[in-house]
Amino acid sequence: MKESLLYEKLPEDRVRCSTCPHRCVIAPGARGLCRVRENQRGILFALNYGKTIALAVDPVEKKPLYHFLPHTKTYSFATQGCNLRCAWCQNWEIAQSPSFQAPVEGRLISPEEHVKNALALHCPSISFTYSEPTIFLEYALDTMVRAKEAGLKTIWVTNGYMTPETLELLLPYLDAANVDYKGADDQVYQKYCGGTSAPVRETLRRMVAAGVHVEVTTLVIPGVNDSPESLDSIARFIAKELGPTVPWHVSRFFPAWKMLNTPITPKETLDLAEEIGKAAGLLRIHLGNL
Ligand code: SF4
């Protein structure tokens, strides 16, 4: 574990974490909502530092990134934990664990080892992915600094739910990101994920303004964010505020975690999203999970 980079000390040994917009106030001995940051006697620790729960070499298109280092492999890893609780989480075994009391699991692998592995496996990039890199910020950042020194590119696959403070630390070392954007409807974020949408839009704007290669993914879920109005507002946001060349991945939902009774997204809905995206001016629309 490692001391968290972004928090402030409060009276009576409480702390306020500023890594993500939850800004959890955490009592001594307790953890934040992500369940991997713990207040130990007034010091906030990232319990997941150095603990890799998932590791693989993937095609970069699987992130998905279709316009960044195409046809290359990317060295990918994650720790346990996430700051959102999306009911349809496709990686819930690792992202929605541990519990508030359970130890954080994972194989001990240092940032240096990750970079060494990526080089040995001839991967031109390292991806922080599978769960949510925001909640393993310290581990990701240490790896990114070493990756850049070694000439590797860095990729975040993220829900975008992070603070400006986190972005400030991250952006100097970030080359590309796929950001999951579920739509402007805060009821969707609140009801299904336990978050809000504005911080995600702000992350997207700031990444694009900083020159990061950004691609956006929307998992289209029947009855949640599949209305023409919802799809239109997502497409318009991307086209107007991020730019018409920013790729939009419209992804098909398959039942997972708490949404096992929701049907698979009909192909017609994805086709409709494509039409809506084109009408909004988007030039790169990719239908996924088909
Ligand atoms: S990173 Fe974790 S502890 Fe920090 S504000 Fe977010 S959910 Fe809370």
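In table form, for the structure just shown:
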read-out	value
Single unsatisfied condition, Phe100 versus (1) surrounded by fewer than 16 Cβ atoms within 10 Å (Cβ to Cβ); (2) in contact (Cβ under 8 Å) with a residue 40 or more places away in the chain; (3) more than 16 Å from the ligand (Cβ to nearest atom)	(3)
Positions within region 30-68 being among the hydrophobic types (A, V, I, L, M, F, W, C), in a loop (DSSP other than H, G, I, E, B) and open to solvent by 50 Å² or more (accessible area, probe 1.4 Å), in sequence order	Leu33, Ile53
The listed residue being away from the ligand (no atom under 12 Å from the Cβ), closer than 17 Å to Ser127 by Cβ and out of contact with any helix residue (DSSP H, G or I) (no Cβ under 6 Å at 6 or more places or on another chain), out of Pro11, Pro64	Pro64
Conditions (1) of a type outside the set (Val, Ile, Thr); (2) surrounded by 20 or more Cβ atoms within 10 Å (Cβ to Cβ); (3) free of Cβ contacts under 8 Å to residues at least 24 places away in the same chain: number failed by Ala27	(2)
Selection status of Glu113, within 16 Å of the ligand (Cβ to nearest atom), open to solvent by 40 Å² or more (accessible area, probe 1.4 Å) and assigned to a helix (DSSP H, G or I)	no
Residue list for region 151-192, filter: of a type outside the set (Ser, Thr, Tyr), farther than 19 Å from Glu241 by Cα, modelled with pLDDT under 95 and open to solvent by less than 50 Å² (accessible area, probe 1.4 Å)	Val188
Region 239-290 - residue that is polar (S, T, N, Q) and outside any loop (DSSP other than H, G, I, E, B) and, of those, surrounded by the most Cβ atoms within 10 Å (Cβ to Cβ)	Ser251
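The values are calculated or read from the model by the stated rules, or taken from the named source; none is laboratory data. Because the structure is a prediction, the values reported are computed rather than measured. Here Cβ is always computed from backbone atoms with ideal geometry, including for glycine, and neighbour counts include all displayed protein chains. Only protein heavy atoms, including side chains, enter the accessible area calculation; ligands, DNA and RNA are left aside. Shrake-Rupley method; radii C 1.70, N 1.55, O 1.52, S 1.80 Å.
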